[in-house]
1. How big is the charge dipole of region 98-159 about its Cα centre, in debye rounded to the nearest 20, if each Lys and Arg gets +1 on its Cβ and each Asp and Glu gets -1 on its Cβ?
2. Using Cα-Cα distances under 8 Å and only pairs 6 or more residues apart, what relative contact order does the chain have, in percent?
3. To the nearest 0.05, how large is the calculated FRET efficiency for D154 and D92 if R₀ is 41 Å and r is the Cβ-Cβ distance?
4. Around W65, which amide H atoms from residues at least 5 apart in sequence, or from another chain, sit under 5 Å from its own amide H, with H modelled in the peptide plane?
5. Sort out for me the Cα centre separation of region 82-99 from region 1-48, rounded to whole Å.
6. For region 79-159, what relative contact order do you get, as a whole percent, if you take Cα pairs closer than 8 Å and at least 6 residues apart?
7. GNM on the chain, C-alpha springs below 10 Å: top fluctuator among Q89, Q113, Q133?
8. If you count the DSSP beta bridges with both ends in the chain, what percent of them are antiparallel, to the nearest 5?
Amino acid sequence: MGKEITKLGLISDTHGLLRDEVVRALRGSDLILHAGDVGGPRILETLRGVAPVVAVRGNVDTDSWGQTLPLTEVIRAGAATIYMLHILQDLDLKPAAAGFHIVVSGHSHKPGQTEKDGVVYINPGSAGPRRFQLPVTVARLDLEKKPWKAEFVDLGNVK
């Protein structure tokens, strides 16, 4: 059996742009979760050079390649069961009742973490082209450290 997955790299909204800073920020991840608006297969191919990748389709992933991505995904990693989708408002289930511990989404380009009914909701923000005055970010999550708290990485500050 392989290594237990405990270190997650969280990314969303690359919109076809994968910065070198992203690769550096996500190095050391056991698994990378891309919460949609990928923008093309080369993004995922490059990320797979860092760690295995699970990705969902975002609203801009409309070409034939993008249509091959699922709208939602369930990931078991460490002690967590994670539900991933692009647009949080499209959530059509009750994560706590379904047994999910974490929900990862994108779309808003706003990084953040909240908790509701014992479920942790994480949006890693946007790692693609800068939008408005929002930061360009990814997140890291160490499932061995409880309570779970995402570490947001501003890509303008990655060395």
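The values are calculated or read from the model by the stated rules, or taken from the named source; none is laboratory data. Just so it is clear, the structure is predicted and the values come from calculations on it, not from any experiment. Cβ coordinates were reconstructed from backbone atoms using ideal geometry, including for glycine residues, and neighbour counts include every protein chain displayed. Heavy atoms of the whole protein, side chains included, go into the accessibility calculation; ligands, DNA and RNA do not. Shrake-Rupley method; radii C 1.70, N 1.55, O 1.52, S 1.80 Å.
1. Magnitude of the dipole: close to 200 debye.
2. RCO, the chain: 25 percent.
3. After rounding to 0.05, the efficiency reads 0.80.
4. none
5. Each part reduced to its Cα centre gives a spacing of 21 Å.
6. 21 percent
7. Q133
8. Taking every DSSP beta bridge with both residues in the chain, the antiparallel ones total about 60 percent.
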